[in-house]
1. Being out of contact with any strand residue (DSSP E or B) (no Cβ under 9 Å at 6 or more places or on another chain) and within 15 Å of residue 91 (Cβ to Cβ) is the filter here, so list the residues in region 28-64 that pass it.
2. Residues that are surrounded by 20 or more Cβ atoms within 10 Å (Cβ to Cβ) and not in a helix (DSSP H, G or I): does region 30-48 have at least one?
3. Which numbered condition trips up residue 229, out of (1) under 30 Å from residue 49 (Cα atoms); (2) in a loop (DSSP other than H, G, I, E, B); (3) of a type in the set (Asp, Glu)?
4. Just to be sure, is residue 53 in contact (Cβ under 8 Å) with a residue 40 or more places away in the chain, outside any helix (DSSP H, G or I) and under 24 Å from residue 204 (Cα atoms)?
5. Would you tally the residues in region 210-226 being loosely packed, with under 12 Cβ neighbours inside 10 Å and either part of a strand (DSSP E or B) or out of contact with any Phe, Trp or Tyr (no Cβ under 8 Å at 6 or more places or on another chain) (or both)?
6. Filter region 164-192 down to residues that are without any contact (Cβ under 8 Å) to a residue 60 or more places away in the chain, β-branched (Val, Ile, Thr) and not in a strand (DSSP E or B), then give me how many there are.
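The values are calculated or read from the model by the stated rules, or taken from the named source; none is laboratory data. Everything quoted here is computed from the prediction, not taken from an experiment. Glycine gets a Cβ as well: all are built from the backbone with ideal geometry, and neighbour counts include every protein chain shown.
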Amino acid sequence: MNKEFSYEEYVTDQSFLDAYNDYQQKYASTIRESDRILLSMTNVWLSDNKASLTTPELLDIGCSTGNFLLHVKRLVGSRLKMTGGDLALSSLETCKTNPELSDIDFKVMDITALPAASFDLVVVNAVLYMFMEDQYQAALRSIRAALKPGGVALLFDFAHEFAQDIEIIEKTSSHPNGLRLCFRPMAKVSASALSAGFSKAEYKPFVLPIDLPRPSDNAEIITYTVKDEKGVRMAFRGTLYQPWCHITLSA
């Protein structure tokens, strides 16, 4: 990975990862709201394909401390063969030492170089928004190649309806050297997915069903909600609105 690739710094910044891994522990017992929808999408996909697939194989690439896989396991048990992949070694070690995840395979994996035709379902949860354009395209091609015939990729990422392609570098106390954030229009995501070999892209914009308070300390950059004039909760991170979206890419 080259030095311009923000994700490389993200997965090698041990002080940040230590704090982030600790932060993730609260979502092991209480599922994150966005993961709740992703879990439902996984379960629907599994039910739709139970007649044609004996034991489907799922990859959670960028699995972090394994919370999503933990909730999948609690819901569907042995109906899936699951693999977690990441480049953050400390996160993988956390997964491997968790007895609840002992029957899940965790590996060092690069999203731009996944094993070909190995999985029926690939989950990419809040990863690709950090990728600069050439790595984003490479990741989509790799995800498509990793899917078996008829496979599906489920993404949680920034995507919006406007004809506006935005890339910024965010500097915070957690990332003083900067973290790339890309806000891609749905039309561009669809074009990139089709170019990578997917047949279809579908979008479900994410709206938080609960209120999240604004941090009292402006140095604490975490998600909070603000209601618009219709009472719809908009998710902000500091001064930034976050256009989170669940995306289904069909092979």
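1. Across region 28-64, the qualifying residue is only 28.
2. Checked region 30-48: no residue is surrounded by 20 or more Cβ atoms within 10 Å (Cβ to Cβ) and not in a helix (DSSP H, G or I).
3. (1) is the only condition that residue 229 fails.
4. No, not satisfied.
5. Residues of region 210-226 loosely packed, with under 12 Cβ neighbours inside 10 Å: 210-211, 213, 216-219.
Next cut, either part of a strand (DSSP E or B) or out of contact with any Phe, Trp or Tyr (no Cβ under 8 Å at 6 or more places or on another chain) (or both) only: 210-211, 216-219.
Result for region 210-226: 6.
6. Within region 164-192, residues that are without any contact (Cβ under 8 Å) to a residue 60 or more places away in the chain, β-branched (Val, Ile, Thr) and not in a strand (DSSP E or B) number 1.
This table checks each residue for (1) of a type in the set (Asp, Glu); (2) modelled with pLDDT of 95 or more; (3) buried (at least 22 other Cβ atoms within 10 Å of the Cβ); (4) not in a loop (DSSP other than H, G, I, E, B).
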{"position": "69", "(1), (2), (3), (4)": "no, yes, yes, yes"}
{"position": "72", "(1), (2), (3), (4)": "no, yes, yes, yes"}
{"position": "76", "(1), (2), (3), (4)": "no, no, no, yes"}
{"position": "82", "(1), (2), (3), (4)": "no, yes, yes, yes"}
{"position": "94", "(1), (2), (3), (4)": "no, no, no, yes"}
{"position": "115", "(1), (2), (3), (4)": "no, yes, no, no"}
{"position": "139", "(1), (2), (3), (4)": "no, yes, yes, yes"}
{"position": "153", "(1), (2), (3), (4)": "no, yes, yes, yes"}
{"position": "156", "(1), (2), (3), (4)": "no, yes, yes, yes"}
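For every residue, the table says whether it meets (1) surrounded by 14 or more Cβ atoms within 10 Å (Cβ to Cβ); (2) at pLDDT 95 or above; (3) in contact with a Phe, Trp or Tyr (Cβ under 9 Å, 6 or more places away or on another chain); (4) not aromatic (Phe, Trp, Tyr).
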| site | (1), (2), (3), (4) |
| --- | --- |
| 163 | no, yes, no, yes |
| 169 | no, no, no, yes |
| 174 | yes, no, yes, yes |
| 191 | no, yes, no, yes |
| 197 | yes, yes, no, yes |
| 206 | yes, yes, yes, no |
| 229 | no, yes, no, yes |
